[in-house]
Amino acid sequence: GKKALVIGAGGVSNVVCHKCAQNSEVFSSIMIASRTKAKCDEIKERIEKSKYAGRIEIQTAKVDANNVSELVALINEYKPDIVINVALPYQDLTIMDACLETKTDYLDTANYEPLDTAKFEYKWQWAYKEKFEKAGITAILGSGFDPGVTGVFSAYAQKHYFDEINYIDILDANAGDHGYPFATNFNPEINIREVTANGSYWEDGKWVETEPMEIKRVYNFPQIGEKDMYLLHHEELESLAVNIKGIKRIRFFMTFGQSYLTHLKVLENVGMTSIEPIEFEGKKIVPLQFLTAVLPDPASLGPRTKGKTNIGNIFRGKKDGVEKTYYVYNVCDHEECYKEVSSQAISYTTGVPAMIGAAMVLTGEWKKPGVFNVEEMDPDPFMEALNKFGLPWVEDFNPTLVD
Ligand code: NDP
């Protein structure tokens, strides 16, 4: 069996670790390492009390993933076959550096972002391509749900249903209700940076920028119903624009309820979402980091969230010269996720694909030297694994389109 070093011990890590234990055909051992070792130990205990108990060996360690030499020492000691990075996007490059130094394969779920600029771009990580090729190791970028499964869906559509895909709309709906007036479903700092930034979409070879939440549509989601959704910039738009042939436009929409938006507007108006440090009682603090500390921990939402998510892609393109449409999506139930792995659906839909991506590398299906986005790899074994590990997908060949 194979060994994985899982970095981070938040909501997503909890799911990744449970799913590695479930997939004991591939994984024989994991090490969970984070800044706070107690959180790693909690995940280990949870697995050991779950239905996945005893299937794989689990170790824990403390590591500061901003520190390359600490990471290198840990990798040399544990000797993993792959590092699964589910810490925060700020740690991507230091972890990639440690993987290069130790010649270890790498996988993450979110692209690198410098702390002081809220901007999602692959340029920093794509710059590692040659180094990874030379070292003969694989890096898989963005193997969560979006990015992640949305890229695999695109590769699958391209491979099986289209000669040319011209339009992609990615729709991310969360009809979950946690009962709090305001909370975020994953790391609040990362989430708020994402939704307060300008929106943008890719059209005719260039980015079109919008004001935050400027473009609104209403969509009737299968198994969820009608929801307001807003156009956001999202990181997979950048790689899909490069990797899917014939693309004319790609957009990303996410649903938000009125209460969430009203709270966000107020927090923004009073300056609480700013990432500019301010002076407070003789100490420099970043308002958004302070806000994150005040808001409910996303992990605490698990036991109280009811409802479903629906995330998928609508494609329009051509096959044998004929116009064609195709919608593929997954519906995930918050309460069922919680019952299975003690996490809500947002962490679940991210953690399952991270485990699957790592398994693809470990079994050799996705093992090539270099740095890759998921849509550059064969989607078939990944799609099969989604059905097997809890994220079954549904196809619709006559979907309602978004205008
Ligand atoms: P959490 O905030 O719950 O967990 C993050 C973890 O990272 C914490 O355990 C934290 O450690 C750890 N961490 C932070 N800094 C360091 C460091 N310097 N060294 C070691 N560990 C560190 O986040 P989530 O689990 O919700 O999200 C994890 C990742 O998944 C994020 O990058 C997020 O952007 C991504 N994501 C991707 C999605 C997708 O679909 N592609 C969707 C949702 C999330 P500690 O608590 O010990 O301080």
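The values are calculated or read from the model by the stated rules, or taken from the named source; none is laboratory data. Bear in mind the structure is a predicted one, so any value in this text is a computation, not a measurement. Here the Cβ is made from the backbone with ideal geometry for all residues, glycine too, and neighbour counts use every protein chain on show. Surface accessibility is based on the protein's heavy atoms, side chains included, excluding ligands, DNA and RNA. Shrake-Rupley method; radii C 1.70, N 1.55, O 1.52, S 1.80 Å.
To the nearest 0.05, how large is the calculated FRET efficiency for Glu48 and Glu203 if R₀ is 60 Å and r is the Cβ-Cβ distance?
With R0 = 60 Å, the Cβ-Cβ based efficiency is 0.75.
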### Query
Just the accessible area for His233, please: 1.4 Å probe, Å², rounded to the nearest 10?
30 Å²
### Query
Any idea how far apart Asp228 and Lys134 come out in nm if each label point goes 7 Å out from Cα toward Cβ?
5.2 nm
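Based on Cβ point charges of +1 for Lys and Arg and -1 for Asp and Glu, what charge dipole magnitude is obtained for the chain about its Cα centre, in debye rounded to the nearest 20?
680 debye
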### Query
Pick from Ala241, Ala65, Ala293: which is most flexible by mean-square fluctuation in a GNM of the chain where alpha carbon atoms under 10 Å apart are linked?
Ala293
### Summary
Note: His160 to Leu261 extended length (0.36 nm per residue) minus current alpha-carbon separation gives 32.5 nm
### Task
Check the straight Cα-Cα distances from Lys119 and name the aspartates and glutamates below 15 Å, setting aside those fewer than 8 residues away within the same chain.
Asp92, Glu189, Glu194, Glu209, Glu211, Glu235, Glu236, Glu238, Glu276
### Task
Pull out the extension gain between Lys283 and Thr400, defined as 0.36 nm times the separation in residues minus the alpha carbon to alpha carbon distance; nm, one decimal.
36.8 nm
### Summary
Per DSSP, the loop-located trypsin sites (Lys or Arg not before Pro) within region 11-63 having at most 13 other beta carbons within 10 Å are Lys51
### Sparse-neighbourhood loop sites, GluC sites (Glu not before Pro) in region 181-210 - DSSP loop, at most 11 other Cβ within 10 angstrom
none
### Summary
Over the chain, with neighbouring protein chains present, the accessible area per residue in Å² at probe 1.4 Å is 41 Å²
### Task
Mind giving me the nanometre distance, one decimal, between the label points for Arg217 and Glu384, set 7 Å out from Cα along Cα→Cβ?
3.3 nm
## Note on the structure
region 378-398 and region 10-79 have their Cα centres apart by a whole-number Å value of 26 Å
### Query
Could you state the per residue volume, in Å³, of the convex hull enclosing the Cα atoms of region 215-359?
190 Å³
### Task
Among Lys284, Lys119, Lys367, determine the one that fluctuates most according to a GNM of the chain built with springs between C-alpha atoms less than 10 Å apart.
Lys284
### Message
Below 8 Å between Cα atoms, with a sequence gap of 6+, how large is the relative contact order for the chain in percent?
### Response
20 percent
### Task
Could you compute the FRET efficiency for Lys62 and Asp97, with r as their C-beta to C-beta distance and R0 at 25 Å, rounded to 0.05?
0.80
### Message
Along the Cα→Cβ direction, 7 angstrom out, place labels at Asn76 and Lys248. What is the inter-label distance in nm?
### Response
5.6 nm
#### Entry: Whole-Å semi-axes of the chain's equivalent ellipsoid (Cα gyration tensor)
29, 26, 22
### Task
For the chain, return all DSSP H helices satisfying: extent of Cα atoms along own axis at least 20 Å; mean Kyte-Doolittle hydropathy at least 1.0.
345-362
### Query
Which three lengths, in whole Å and largest first, does region 258-299 cover when its Cα atoms are put on their principal axes?
37, 27, 14
### Message
Taking a ≥ b ≥ c as the square roots of the Cα gyration tensor eigenvalues, with a/c under 1.5 meaning rounded and otherwise prolate when a/b beats b/c, else oblate, which class fits region 35-182?
### Response
oblate
### Query
Once amide H atoms are built 1.01 Å from N in the peptide plane, which residues 5 or more positions from Lys2, or in another chain, come under 5 Å H to H?
Phe27, Ser28, Ser29
### Summary
Farthest towards the positive end of the dipole of the chain, among Gly148, Pro181, Gly54 and with Cβ unit charges of +1 on Lys and Arg and -1 on Asp and Glu, lies the Cα of Gly54
### Query
Which of Phe290, Phe186, Phe280 moves the most in a Gaussian network model of the chain with Cα springs under 10 Å?
Phe280
